[in-house]
Amino acid sequence: MIASVAADTPQSSRISRKCRPGLDASVIDRPGRREVHITLRPLEGEKLSATLRRLQRLLDAHEAVVVKQDIFGPVVLAKWSIS
């Protein structure tokens, strides 16, 4: 299930939010540019490669690239497999 909320703000900006298992995204559209703020979490039993594919699909859909990345919480690589 995908929940989506949109709001109009001053200066012709538009904010939309999408929430689904393992992913929360806020998209801020302004004249001439778009910001996409993403919180991505691995799904139960998901391999790292599958998590990164989900991220890539979202980036592709918005013609976006990662400009800044923050990682919070413990990273246990032993649990994740790249393949």
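Every read-out reported here was derived from the displayed coordinates using simple, explicitly stated rules and does not represent laboratory data. Computed from a predicted structure; not experimentally measured. We place every Cβ from the backbone using ideal geometry, glycine too, and count neighbours over all the protein chains shown.
Sum up the charges of everything whose Cβ sits under 12 Å from the Cβ of A61, counting Lys and Arg as +1 and Asp and Glu as -1, but leave A61 out. Walk me through the numbers on the way to the answer.
On the way: positive: K18, R34, R54, R57; negative: D60, E63.
Net of charged neighbours comes to +2.
Nearest 0.05, what FRET efficiency do F72 and S12 give at R0 = 35 Å with Cβ-Cβ as r? Write down the numbers at each step before the final one.
Working: r = 32 Å, r/R0 = 0.92.
The formula returns an efficiency of 0.60 here.
Restricting attention to the alpha-carbon atoms of the range 10-49, what are Rg (one decimal) and Dmax (integer), both in Å?
When restricted to the Cα atoms of the range 10-49, Rg and Dmax are 13.5, 43 Å.
Taking the highest mean first, how do the peptides 16-22, 64-70 order by number of other beta carbon atoms within 10 angstrom per residue?
Details: 16-22: 13.1, 64-70: 7.6.
Listed from highest to lowest mean packing, they are 16-22, 64-70.
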